[in-house]
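Data block below; observations after.
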Amino acid sequence: MYAKLAEDLADLPALLDAAREQAGELLAGLADRPVAVPPPTGFAPSAVPEDGVGAKAALAEFARRWAPGFAASAGPRYLGFVTGGATPAAVAGDWLTAAADQNPVSSLDSSASDLERETAAWLAQLFGLGPEFSGAFVSGATMSNLVGLAIGREWVGEQLGITVADAGVAALGPVAVVSGAPHSSVLKAMAVLGLGRSAVKRVALQPEREAADLADLEQQLADLGGRPAIVVANAGTVDTVDFDDLRAIAALKAKYPFWLHVDAAFGGFAALSPEHAALVDGLALADSVCVDLHKWLNVPYDSAIQFSRRLDLQVRVFQNAAAYLGHPGENPAFVHRTPESSRRLRALAAWCTLAAYGRSGHREIVERCVAHARDLGERLSATSQWRLLAPVRLNVVCFTLAENPTQDRIDAVVRAVAAGGETFVTPTVYAGVPALRAAFSNWRTAREDVDRVFAALVTGSGAA
Ligand SMILES: *Cc1c(COP(=O)(O)O)cnc(C)c1O
């Protein structure tokens with residue numbers, strides 16, 4: 001054995017303690033470190049080390065060279081994109097995932113696949129999805145959307161008597177993907193799946209909303225003349241957290257043939273709060289559902305789940321049948337359900353946080369985030385510097401400069417706020433207006449953080 005490796009093996013418990021200590025310091029500093037650390041330009045990688053220094057020295061070098069440049073994106077005032085943190089139980093679960101190093105491709109050698117099945121079932125219950133849905137872990141909502149659309153594509157083929165997984169997408173011809181305000185990852189999935197980005201048929205939006213206009217949606221379906229299609233409904237758009245009327249859209253299935261995929265990447269968590277659950281009413285009528293877990297469940301990257309009610313079609317697409325891997329059969333192993341074959345046991349971090357805090361703990365996180373978003377929204381709209389571009393429907397505040405919100409001025413504010421280190425927000429363009437988004441999805445965020453965010457934004461407006 002390589003000498004440094006043998007030394008580390010002999011010293012393993014002490015090394016894990018050293019890593020724990022370093023992680024403890026990272027986490028303890030989250031509230032005080034700069035929230036964003038824009039890196040210097042012109043980075044050039046060094047050469048691969050010929051001789052290793054051993055794990056302890058490697059950790060020390062990481063702490064010196066890299067850790068200071070890391071964003072406090074796991075902390076309470078990072079409001080860019082839709083970024084969750086990681087609950088204590090989720091971090092612990094993630095560490096143990098690495099330590100146990102399971103590969104849940106099959107059920108022949110380990111209970112790991114059953115742990116994934118249980119966690120998927122827990123999550124289905126959280127989101128009100130019945131036992132007709134099966135779930136599998138994937139790396140993120142992009143991959144979850146891709147899997148949902150792949151099953152939808154196979155379903156369209158089934159309606160036309162074509163097995164797309166065998167015959168290829170060319171045998172299918174064009175497939176319309178109908179959606180009001182699809183996330184960019186849906187278009188990426190369409191490109192990957194051979195449907196093509198231009199196959200998207202955009203539905204008109206309701207006035208001042210990102211929700212689909214139902215009459216226009218129905219017209220677009222009618223225009224397809226009975227050709228089966230895919231509808232992507234949105235449960236939580238990134239700019240204004242708007243929701244399509246899922247129940248009304250599902251009702252159209254009685255008249256028109258379509259696969260209903262719902263992108264509920266973070267909006268799905270509305271189901272946890274009785275006050276907001278109506279936003280996702282009808283979710284269980286979908287054919288496939290995407291939910292991100294590294295956002296509002298607050299598990300570490302990377303983790304999401306995809307649900308579908310046609311496991312048979314899913315296996316048709318994703319089967320990885322080989323004598324040595326086993327054949328799909330009754331209760332197909334996860335190797336036959338998603339694009340990945342070997343993968344980490346992502347379910348463990350999610351299992352740990354659900355076991356530790358349950359439905360009510362995660363409901364509290366969701367409701368607190370929503371309360372913070374409302375609070376910030378009210379405070380910003382009471383200033384002379386800022387105005388809201390949409391009502392705060394859930395956990396995102398979409399706002400812009402009250403006067404002359406040009407892209408240059410918004411970009412200047414984003415840079416100034418990031419440089420200030422108190423908070424981090426990301427720019428967008430909503431309804432043609434350059435704007436900012438503040439997304440609350442971290443379990444740590446407290447009222448005092450909202451005070452600091454508000455103050456930083458008021459100061460930051462001066463940079464415009
Ligand atoms: C974040 C998000 C995605 C993509 O998620 P990743 O986890 O980054 O792959 C897709 N759809 C919606 C609505 C999202 O918010």
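For this structure, a couple of remarks:
- Cβ crowding within 10 Å, taken as a proxy for footprinting-reagent exposure, orders TYR324, TYR430, TYR78 from fewest neighbours to most as TYR324, TYR430, TYR78.
- Within segment 187-263: Cβ-based charge dipole about Cα centre, in debye rounded to nearest 20 (Lys, Arg +1; Asp, Glu -1): 460 debye
- Nearest-0.05 FRET efficiency for ALA204 and LEU285, computed from C-beta distance (R0 25 Å): 0.65
- Residues MET190, MET1, sorted so that the one with the fewest Cβ neighbours within 10 Å comes first: MET1, MET190
- For segment 1-88, applying the loop criterion from DSSP together with a ceiling of 16 other beta carbons within 10 Å to the GluC sites (Glu not before Pro) yields GLU50.
- Lys/Arg +1, Asp/Glu -1 at C-beta; the chain dipole; positive extreme among ASN442, GLY161, GLY24: GLY161
- Amide N proximity, segment 78-96 versus LYS188 label position 7 Å along Cα-to-Cβ, cut-off under 18 Å: 80-84
- Projecting the Cα atoms of GLY54, THR97, VAL192 onto the charge dipole of the chain (Cβ charges, centred on the Cα centre) puts VAL192 farthest toward the positive pole.
- Fewest-first ordering of ILE410, ILE305 by other beta carbons within 10 Å of each residue's beta carbon gives ILE410, ILE305.
- Estimated [θ] at 222 nm from DSSP helical runs (n ≥ 4, -39500 (n - 2.57)) normalised by residues in the chain, nearest 500: -12500 deg cm²/dmol
- Rounded to the nearest 20, the size of the Cβ-charge dipole of segment 365-430 about its Cα centre is 120 debye, with Lys and Arg at +1 and Asp and Glu at -1.
- Between the listed residues LEU12, LEU172, GLY420, the Cα displaced farthest toward the positive end of the dipole of the chain, a dipole computed from Cβ unit charges relative to the Cα centre, is found at LEU172.
- Once the Cα-Cα distance is subtracted from the 0.36 nm per residue extended length, the LEU96 to ASP109 segment shows a gain of 2.9 nm.
- Straight-distance crosslink candidates among aspartates and glutamates, where the alpha carbon sits under 19 Å from LYS56 and sequence neighbours closer than 8 are dropped: GLU7, ASP8, ASP11, ASP17, GLU21, GLU25
- Label zone of ALA446 (point 7 Å out along Cα→Cβ, amide N under 20 Å): in segment 58-80 this covers 72-79.
- In this structure the amide hydrogen of ASP245, modeled in the peptide plane, comes within under 5 Å of the amide hydrogens of ALA212, none closer than 5 places in sequence on its chain.
- Taking 0.36 nm per residue of sequence separation and removing the Cα-Cα distance, the ARG247/ASP216 pair yields an extension gain of 9.5 nm.
- Model label sites at ALA412 and VAL53, defined 7 Å from Cα along the beta-carbon direction, differ in position by 4.3 nm.
- Label zone (ALA10, point 7 Å along Cα-to-C-beta; backbone nitrogen cut-off 17 Å) within segment 49-70: 53-57.
- Derived scalar couplings ³J(HN,Hα) [segment 453-462; Karplus, 6.51 cos²θ - 1.76 cosθ + 1.60; whole Hz; x for Gly, Pro]: 4, 4, 4, 5, 6, 5, 4, x, 4, x
- Förster radius 51 Å - calculated FRET efficiency between SER46 and VAL433 (Cβ-Cβ, nearest 0.05): 0.70
- Total charge dipole magnitude, the chain, about the Cα centre, Cβ charges on Lys, Arg, Asp, Glu only, Debye to nearest 20: 620 debye
- Rel. contact order, % - alpha carbon contacts under 8 angstrom, at least six apart, segment 172-284: 25 percent
- Taking each residue as 0.36 nm, the span from HIS327 to ASN404 lengthens on full extension beyond its C-alpha to C-alpha distance by 21.5 nm.
- Summary value for the chain: 22 percent relative contact order, contacts being C-alpha pairs under 8 angstrom separated by 6+ residues.
- Residue-wise HN-Hα coupling along segment 79-90, computed from phi with Karplus coefficients 6.51, -1.76, 1.60 (Hz; x: Gly, Pro): 10, x, 6, 10, 10, x, x, 9, 5, x, 5, 5
- Estimated FRET transfer efficiency when R0 is 35 angstrom, pair ASP17-ALA463 (beta carbons, to 0.05): 0.20
- Of all aspartates and glutamates in the structure, the ones whose alpha carbon falls short of 17 Å from that of LYS201, not counting any fewer than 8 places away in one chain, are GLU210, ASP213, ASP216, GLU218, ASP223, ASP244, ASP263.
Values in this text are rule-based calculations from the coordinates and carry no lab data. Because the structure is a prediction, the values reported are computed rather than measured. Here the Cβ is made from the backbone with ideal geometry for all residues, glycine too, and neighbour counts use every protein chain on show.
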